[in-house]
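Input: a single structure, listed below in structure tokens.
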Amino acid sequence: VVTREQMAAYVGRLYRAITGDACGSPSPFDDVSAESYAAGEVGCLYELGITTGVSARRFAPHDELTRAQLATFFARLYGVLSA
């Protein structure tokens, strides 16, 4: 089981490793604590358009990641890297 928070951390760190760009900003979501290990990555992915959350104010960091969400994260990452 992988959570949405864990996937955000992975994808955000992968983005940094591939591009060398520093990416990390405060999360715009009410349910992502500033103390979360993935808060910066969630903010980064939001900034890049890789995630929009499950609603305008919720990311649902502790929810189990679905296959569709996994595919969406990687498809959007590919789009960002290909631009």
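Consider only pairs whose beta carbons are under 7 Å apart and that are at least six residues apart or on different chains; among these, list those whose first residue lies in segment 66-83 and is over 15 Å from GLN6 (Cβ atoms) and whose second residue is open to solvent by 70 Å² or more (accessible area, probe 1.4 Å) and at pLDDT 95 or above.
Listed pairs, sorted by first residue: LEU81/ILE18.
List the residue pairs whose Cβ atoms are under 8 Å apart, where the first residue sits in segment 18-30 and is of a type in the set (S, T, N, Q), the second is buried (at least 16 other Cβ atoms within 10 Å of the Cβ) and outside any helix (DSSP H, G or I), and the two are 6 or more positions apart or on different chains.
Taking only residues 6 or more apart or on different chains, the pairs are SER27/SER36; SER27/PHE59.
Could you tell me whether any residue of segment 52-62 is over 15 Å from ASP30 (Cβ atoms) and either in contact with a strand residue (DSSP E or B) (Cβ under 8 Å, 6 or more places away or on another chain) or without any contact (Cβ under 8 Å) to a residue 40 or more places away in the chain (or both)?
No.
The values are calculated or read from the model by the stated rules, or taken from the named source; none is laboratory data. All figures in this text were calculated on a predicted structure; none of them were measured in a lab. Cβ coordinates were reconstructed from backbone atoms using ideal geometry, including for glycine residues, and neighbour counts include every protein chain displayed. For the accessible areas, the whole protein counts, side chains as well, though only heavy atoms, and no ligand, DNA or RNA atoms are used. Shrake-Rupley method; radii C 1.70, N 1.55, O 1.52, S 1.80 Å.
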